[in-house]
Amino acid sequence: APPQPSWLKAFTSRSSIEAISGARMPIMREVLATASLIIAASACSGRHEDCRESKCCSDSGWVCYEKNEGWAACRDSCTPGVNPYDPPQHRTPWSCNLLEDFSGNVPISPVTLPENPPAGSPVAKHGRLQVRGNQVVNEAGEPVRLRGMSFFWSQWMGHYWNEDVVKWLKKDWKVTLIRAAMGVEMGGHLENPGPETKKMQAVVDAAIKIGIYVIIDWHDHNAEQHKHQAMSFFDAMARTYGKYPNVLFETFNEPVHQNWWGVIKPYHEQMVRVIRKHSDNIVICGTPKWSSDVAVASTAPVPGENIAYTIHFYAATHHESLRNNVRTALNNGVAVFATEWGTCEASGNGGLNLGETRAWLAFFEEHHISDANWAISDKSESCSALRAGAPPRGNWQLGQLTDSGRFVRDSLQQHQLSGRCSAPHQNCRPTGCCSSPGWQCFEKNAEWAACKPSCTPGIDANDHPDWKTPWTCKVIDRSSDATSPSPEPTPVAPDRQPNSPSAAPPGSPVAEHGALSVRGNQVIGEHGQRVRLRGMSMFWSQWMGKYWNKDVIEWLHKDWKISLVRAAFGIEMGGYLENSGAELQKLYEIVETAIKVGVYVIIDWHDHNAHAHVAQAKTFFDDMARKYGKHPNVLFETFNEPVHQNWPEVKQYHNQVVNVIRKHTDNLVICGTPKWSQDVDIASVDRVQGKNIAYTIHFYASSHGEWLRGKVRKALDNGVAIFATEWGTCEASGNGQLRLDEARAWLAFFEYHGISDANWAISDKKESCSALSP
């Protein structure tokens, strides 16, 4: 007898069998399972063997080509005509017609679902997706980023593979995508095609009904060994579901040690050919080394259109080096799709790394890479989204989610609702929904409603003295509309009407948002919508005055797409105190150009010892507020970075300067905080008097990490608005090593909380944080 193949040894070993079932299987089941695998493996023909009957080939990359009615053979390629390598007696022409048989055991049920998605659903909004260059785009050609959840292996978590769970994920978690990870080996589709196909159809049908996207995933680490079964499966799936724009196909979950050129790519080519008989929908191709080596795949792409490549990451294991791998792939021109990722280690278990997770999600946001989190499972693993025993039909309460599940749910909700729903303490009457999980839109009166965690009818003692009128606490809920195209919001009367001398240029940031104000812990525009500005800080005016001009601001607006510029007006060391005339001329040009092009501008008293220059600061801000306070573009930063001063001393300074500014304008004032503008938590418990006040946070990525973000969270929880008027990619010195991963974690944090930011700095000084080369 021939030796037993290694793969068969693996599947018939006692340890493998017990791992599959959790207990010893009856001997008959073992024999039948082994026999089915042997039959599947022997069903296809070997190299150069006659394949007229089997119509499939057992070797990866080899297919059945017809010569004539009497012969066909498994070959790796075929050119019509005579093959000079054929034996002389058989040198007759090859037709090279492909012979393929997809009559495998895929017991699929017929589907009669409507092809048009529900109005307002993600699929109604984006339509059939395509790949253009290195981007996934919608029918209008716009980049699309889908976000959602991956189901766990179907054979082990089948109790969650149902319509109710899919509906709950869309309704509560706000997913636009689900991934149906159908297990192939170890008790999956190979042994139980009927039950596994039924689970797959339940999930796919549910996604189509409610208008979200779904990935049909052949969840296998050895797909090249199951090529014939995979071809039969994808033929059936594409024939049944290929007409629906919702459906994407993932042909090989995670190759492990297989070679891209000789094994994985030829396998994908065969699956793509099968799918393309029925559908042009996107096909997502797994890549080597557990779908992490997307760069290698990008150097030899699978032929065809609408093909993307898989990246999988686990945050406690994979960091910047793997993101560089993705950058290489993008630079090589292929589209990337994160069909699986976790907050934990690559094992699916171990410690969570939420900071690294945020860096990955910010990276995906930057590059429009869609993602599905692993996984909808109540297995006792840290990457599972659910605690043991969570209901099999959805409707999960927060206590039934793991730490990972709560984090991912919050992230998905925030992504889906950002820009559509209102932020904490913001007026939610125009939107009728809140972006923060667990918060509701409570009515105060006919003019005002706000996002709050709870509400008691009557007077709220925490309201500003000017607004102490009763709350009705009626809940306004239009959250189901958040996925629909947003109607024009009903204008809400702001605290004041800006006395702008002329309208901002149409389409500019200031035309879109108007005069900014502070509501609760958020900066909002005139229509009550949360606003996040992004831009650049100029370097100290006395040392980089050559860049303080009209052309630079216009270029930053046009090319860098900034919505904010910060004018870091130097005070000491040759600045305003010594050369007031020259420094003011630089400042005027910056501010007036920002007003002209319609971006926001921060007038920054860039000083570490402002408490020693109170009189000069009051004179300066009196002049600036009188001159520019009528323009909605202008914000005032009264003290760049207090260093060793205590907060009561700093607060006293701010109160004096704010009083001067308020004589002329109610525009936003941003107040520096102790220890180089890092102690926002201290400032938040003893606030500067007045309205429209925000507080400064400064970070430098190589020096400041999660501990400083913790301070910002405390300040936000205490109800104050935060503004990052300065941040750098390097060390706090402005020089030294870059930490781009930590910078991305910070930017993801700012995105989540709606915190505006200005990067340090427009300078060609020989420092690593300078934006320009010398």
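Here is a check on your reading of the model: is Asn667 polar (S, T, N, Q) and closer than 30 Å to Pro453 by Cα?
The answer is yes for Asn667.
For the stretch 349-466, please list each of the strands (runs of 3 or more DSSP E) lying entirely inside it that holds at least 3 residues being in contact with a Ser or Thr (Cβ under 9 Å, 6 or more places away or on another chain) and of a type in the set (Phe, Trp, Tyr).
none
Can you find a residue in the stretch 348-366 that is at pLDDT 95 or above, in contact with a strand residue (DSSP E or B) (Cβ under 7 Å, 6 or more places away or on another chain) and not small (Gly, Ala, Ser)?
no
Check Glu578 against each of (1) of a type outside the set (A, V, I, L, M, F, W, C); (2) under 25 Å from Pro774 (Cα atoms); (3) free of Cβ contacts under 8 Å to residues at least 12 places away in the same chain and name the one condition it does not meet.
Glu578 satisfies all of (1) of a type outside the set (A, V, I, L, M, F, W, C); (2) under 25 Å from Pro774 (Cα atoms); (3) free of Cβ contacts under 8 Å to residues at least 12 places away in the same chain except (2).
Could you grab me the full set of residues in the stretch 372-408 that are at negative phi and in contact with an Asp or Glu (Cβ under 7 Å, 6 or more places away or on another chain)?
Ala372, Trp374, Ser384, Leu386, Arg387, Ala388, Ala390, Arg393
In this structure, does Tyr700 turn out to be surrounded by 21 or more Cβ atoms within 10 Å (Cβ to Cβ), hydroxyl-bearing (Ser, Thr, Tyr) and out of contact with any Asp or Glu (no Cβ under 8 Å at 6 or more places or on another chain)?
Taking the combined requirement at face value, the residue does not satisfy it.
A quick yes/no check of all residues on (1) under 26 Å from Arg532 (Cα atoms); (2) of a type in the set (Phe, Trp, Tyr); (3) crowded, with 23+ Cβ neighbours inside 10 Å:
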| site | (1), (2), (3) |
| --- | --- |
| Gly574 | no, no, no |
| Glu589 | yes, no, no |
| Asn609 | no, no, no |
| Val614 | no, no, no |
| Phe621 | yes, yes, yes |
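One residue is enough: does the stretch 179-194 have a residue meeting the conditions touching a residue at least 60 places away in the same chain (Cβ under 8 Å) and crowded, with 24+ Cβ neighbours inside 10 Å?
yes
For the stretch 200-220, what are the residues that are among the charged types (D, E, K, R), closer than 16 Å to Phe249 by Cα and open to solvent by 10 Å² or more (accessible area, probe 1.4 Å)?
Across the stretch 200-220, the qualifying residue is only Asp205.
Considering only residues that are closer than 26 Å to Val263 by Cβ and in contact (Cβ under 8 Å) with a residue 12 or more places away in the chain, which ones fall in the stretch 68-88?
Correct list: Ala72, Ala73, Cys74, Arg75, Asp76, Cys78, Thr79.
Across the stretch 167-209, which residue is farthest from Arg406 (Cα to Cα) among those that are out of contact with any Pro (no Cβ under 8 Å at 6 or more places or on another chain) and polar (S, T, N, Q)?
It comes out as Asn192.
Take Met231 and decide whether it is over 31 Å from the mean Cα position of the chain (by Cα), within 27 Å of Ser292 (Cα to Cα) and either open to solvent by less than 10 Å² (accessible area, probe 1.4 Å) or not polar (S, T, N, Q) (or both).
For Met231, the condition - over 31 Å from the mean Cα position of the chain (by Cα), within 27 Å of Ser292 (Cα to Cα) and either open to solvent by less than 10 Å² (accessible area, probe 1.4 Å) or not polar (S, T, N, Q) (or both) - is met.
Would you tally the residues in the stretch 130-145 being part of a strand (DSSP E or B) and either closer than 16 Å to Asp280 by Cβ or of a type in the set (Gly, Ala, Ser) (or both)?
5
Test Glu340 against the stated conditions and say whether it is out of contact with any Leu (no Cβ under 6 Å at 6 or more places or on another chain), acidic (Asp, Glu) and not in a loop (DSSP other than H, G, I, E, B).
yes
Looking only at residues that are outside any loop (DSSP other than H, G, I, E, B) and in contact with a helix residue (DSSP H, G or I) (Cβ under 9 Å, 6 or more places away or on another chain) in the stretch 638-653, which one is nearest to Ala694 (Cα to Cα)?
Across the stretch 638-653, the extreme among qualifying residues is Lys651.
Can you tell me which of (1) open to solvent by 10 Å² or more (accessible area, probe 1.4 Å); (2) part of a helix (DSSP H, G or I) is the one Lys174 doesn't meet?
So the condition that Lys174 fails would be (2).
List the number of the failed condition for Tyr576; all other conditions in (1) under 19 Å from Val634 (Cα atoms); (2) touching an Asp or Glu at 6+ places or on another chain (Cβ under 8 Å) hold.
(1)
Have a look at Lys618, Lys586, Lys630 and point out the one that is in a loop (DSSP other than H, G, I, E, B), out of contact with any Leu (no Cβ under 9 Å at 6 or more places or on another chain), in contact (Cβ under 8 Å) with a residue 24 or more places away in the chain and charged (D, E, K, R).
The conditions single out Lys630.
Give the number of residues within the stretch 82-113 that are in a loop (DSSP other than H, G, I, E, B), closer than 27 Å to Ser232 by Cβ and either hydrophobic (A, V, I, L, M, F, W, C) or in contact with a helix residue (DSSP H, G or I) (Cβ under 9 Å, 6 or more places away or on another chain) (or both).
Residues meeting the conditions: 15.
Which of the residues that make up the stretch 106-144 are surrounded by 17 or more Cβ atoms within 10 Å (Cβ to Cβ), in contact (Cβ under 8 Å) with a residue 60 or more places away in the chain and touching a His at 6+ places or on another chain (Cβ under 9 Å)?
Answer for the stretch 106-144, where residues must be surrounded by 17 or more Cβ atoms within 10 Å (Cβ to Cβ), in contact (Cβ under 8 Å) with a residue 60 or more places away in the chain and touching a His at 6+ places or on another chain (Cβ under 9 Å): Val106, Asn134, Gln135, Val136, Val144.
Tell me which residues, restricted to the stretch 717-742, are open to solvent by less than 10 Å² (accessible area, probe 1.4 Å), touching a residue at least 60 places away in the same chain (Cβ under 8 Å) and among the aliphatic types (A, V, I, L, M).
Val720, Ala721, Ile722
For the subset of the stretch 44-77 comprising residues that are of a type in the set (Asp, Glu) and in a strand (DSSP E or B), which member is surrounded by the fewest Cβ atoms within 10 Å (Cβ to Cβ)?
The residue in question is Asp50.
The values are calculated or read from the model by the stated rules, or taken from the named source; none is laboratory data. The structure presented is a predicted model; accordingly, all values stated were derived computationally and were not measured. Every residue, glycine among them, receives a Cβ derived from its backbone with ideal geometry; neighbour counts consider all protein chains shown. Surface areas here come from the heavy atoms of the whole protein model, side chains and all, with no ligands, DNA or RNA. Shrake-Rupley method; radii C 1.70, N 1.55, O 1.52, S 1.80 Å.
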